[in-house]
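Right, one structure below, let's go through it.
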Amino acid sequence: LSFVDAEDMFHCATVSKVWLSKVNDDGIWRTVCHRDFGSTARRAPGPDRRIQETKTSKEAWLCWRRLGHDLRLKQIDAPVYERVLEMWAKIEAWTTQNKPSIRESLAPGASARDFEAFEKHLGLELPDIAKMIWSVHNGQSMKFDELVDERRAPNSKPNIPNHVSLQVFDGLFGGYSFYNNLVCTRMFSLSRSSLWTSETLDEFPKKMVIAASYDFTKPFFMDVSTGMVYVCTQHGGFPCVPPGELGILRWMEEYAERLATGVYLKNHLIPDNTDSFGINLFPEAGPAVSVVTTNGIEAKASAIFVPESIRSCFTYSIRLRVASRDDLGYPSAQLLARHWKITDGTGHTEEVQGQGVVGKFPVLYPGGYRDDEQGEQGDHRTGTFVYQSCSGQLDNVPPAKGQFSGTLQFVPGSLDSPLGGEPLRIE
């Protein structure tokens, strides 16, 4: 019986009590579940599409079949669907605890009707993996984005209230800033994707817009024929994950894992802007961040590849604080100068040196800093001094290569009240 089509097995069960007993054998249905869906456990999607325990393998088979019918899937792959749910569970847990406004923006799952409307409007066929992902959450739903979309209409200039404008920082896929550049990427619902994909389909065939920064300076596309994800650049698309199957799932799994393991944290996207809390994409842990403590001053640095700029570049974040007053040996120290060496993958090195950083000369002390600017005392602030800048627009920068190093010089005490001794060097 394990070689018989499941539908035929149901017919066999009507022949006699003997056949009914044989057809209801749990071992047979466990084999059929594995054959048809890749699952051997008595676990399957319930009415809410979340995995739940079932009493029998036959019940599990029926639940998996119902999911495939509801989502109009070509093939039901239970292990892949469970990966989708695990990915979303990590994102839901993190956003619930750290950024509830993002969690609240996650829309209920899309339906077969949503999939059909998308496909009919664009003439594209959604891959099964996209249906699985959007069936859990149909992107984000925010008033800010609704008002942005209204601006597509002629002579439409809606006012965006201040409390709504703060949704700029609620992008599910996080963001960063440097100088006057701010990126914060939100996940599109299918209806919003349909709206904006219709604008780009001629230029990017078979690619749907799945996410973009609040102002569309950084859009992301998924190739519906391969499932690969790309970030749009001035010269086409840059792949977000290595080539292979289930690209969009692998991309979102990696992102969810970085949230869960503390690589990305909730923090100000714009330094010192208390309203700009979001998912900050400057890594805070793992191999992509460098931390050094010298003379009691901790310097933490990380960088992000920015392919959406006219030419590829990196933006970097430097975080400075007094980690040990005893090792510092002074009540405070003020930044005097910097000297950076930035080497790209071709071996080209750019040196940057000057007074302070981005016009600032912070006075660091245990627990906080004074935010001084050129010739002017600033406010006292608690926590870590942060500044963000970029490498400059270098040609031919491979994103997996390059080196950033340098030196910071601090004056013991402050520039207007030095405490003597040689400048402190942080390398």
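The values are calculated or read from the model by the stated rules, or taken from the named source; none is laboratory data. Bear in mind that the values here come from a model prediction, so they are computed numbers and not experimental data. Cβ: placed from backbone, ideal geometry, glycine included. Neighbour counts: every protein chain shown. Accessible surface is based on the protein model in full, side chains and every heavy atom, while ligands, DNA and RNA are left aside. Shrake-Rupley method; radii C 1.70, N 1.55, O 1.52, S 1.80 Å.
Things to note:
- All positions within region 259-289 that are of a type in the set (Val, Ile, Thr), part of a loop (DSSP other than H, G, I, E, B) and within 14 Å of the chain's Cα centre (by Cα): Thr261, Val263
- Qualifying position, being modelled with pLDDT of 95 or more, basic (Lys, Arg) and either over 28 Å from Asn280 (Cα atoms) or within 21 Å of the chain's Cα centre (by Cα) (or both), among Lys143, Lys120: Lys120
- Filtering region 364-376 to residues that are surrounded by 13 or more Cβ atoms within 10 Å (Cβ to Cβ) and assigned to a strand (DSSP E or B) leaves Leu364, Tyr365, Gly368, Tyr369, Arg370, Glu373.
- Within region 223-250, restricting attention to residues that are open to solvent by 40 Å² or more (accessible area, probe 1.4 Å) and not in a loop (DSSP other than H, G, I, E, B), the residue that is nearest to Thr185 (Cα to Cα) is Tyr230.
- Leading residue by the ranking (modelled with the lowest pLDDT) among those in region 394-427 that are surrounded by 12 or more Cβ atoms within 10 Å (Cβ to Cβ), over 24 Å from Asn295 (Cβ atoms) and within 24 Å of the chain's Cα centre (by Cα): Val397
- Conditions (1) assigned to a loop (DSSP other than H, G, I, E, B); (2) farther than 28 Å from Cys184 by Cα: number failed by Gln353: (1)
- Scanning region 331-358 for residues that are closer than 11 Å to Phe410 by Cβ and among the charged types (D, E, K, R) gives a single hit, Arg338.
Here's the yes/no breakdown for (1) open to solvent by less than 10 Å² (accessible area, probe 1.4 Å); (2) touching a residue at least 40 places away in the same chain (Cβ under 8 Å); (3) acidic (Asp, Glu):
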position	(1), (2), (3)
Ile297	yes, yes, no
Cys313	yes, yes, no
Arg321	no, yes, no
Asp327	no, no, yes
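- Boolean, Phe361 is touching a residue at least 24 places away in the same chain (Cβ under 8 Å) and open to solvent by 30 Å² or more (accessible area, probe 1.4 Å): no
- Of everything in region 63-98 that is within 16 Å of the chain's Cα centre (by Cα) and open to solvent by 20 Å² or more (accessible area, probe 1.4 Å), the residue that is farthest from Ile51 (Cα to Cα) is Asn98.
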